[in-house]
Amino acid sequence: MMTTQQVANRLVELARSGQFDACYDELFHPDAEAHEMEGMPNSVTKGLDNMRAKSEEWAKQVKEFHGVTVSDPLVAPGWFSVHMGIDITKMDGVRSTDQEICLYQVKDGKIVAERFFYDV
């Protein structure tokens, strides 16, 4: 079983190389939850299959992926956070760099919840 530090390090490694699906495959519990900012549509997504579907829907809005930045993790027992930036061009041609703080909860070596904090 992976420690919180090991899970955090692996997520950073995969995310920095753009392997977001591999993060779900390797690191998330099947009953994990994703929490967006309060007031956002579908602000809570429950279950890994639904989280994957949400990620796929988001990807359909991306015309071109220019890069991602991921900070080193800040780790506490059962929790870690990273700063993530994603540089994309959307299907409407608008290029944007989205910045967020990502907070992850780890139990028994798997991510059970992720929470995203960003300007709306």
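Quick look at the values:
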item: Gain in span if fully extended, residue 107 to residue 120, counting 0.36 nm per residue against the direct Cα distance; result: 1.7 nm
item: Spatially proximal lysines relative to residue 110 (Cα-Cα < 20 Å; intrachain offsets below 8 disregarded); result: 46, 54
item: Max mean-square fluctuation residue, GNM over the chain, Cα-Cα springs under 10 Å, options 12, 62, 94; result: 94
item: Most mobile of 47, 109, 39 in a GNM of the chain (Cα contacts under 10 Å); result: 39
item: Three-way shape call for region 1-86 based on the alpha-carbon gyration tensor, with the a/c threshold at 1.5; result: oblate
item: Stretch gain in nm, segment residue 10-residue 38, where the contour uses 0.36 nm per residue and the Cα spacing is subtracted; result: 7.3 nm
item: Two-site label geometry, residue 57 and residue 90: point separation in nm, points 7 Å out along Cα→Cβ; result: 1.5
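Only the coordinates and a few stated rules stand behind these numbers; no lab work does. In this text the structure is predicted, and so the values were computed from the model without any measurement. We place every Cβ from the backbone using ideal geometry, glycine too, and count neighbours over all the protein chains shown.
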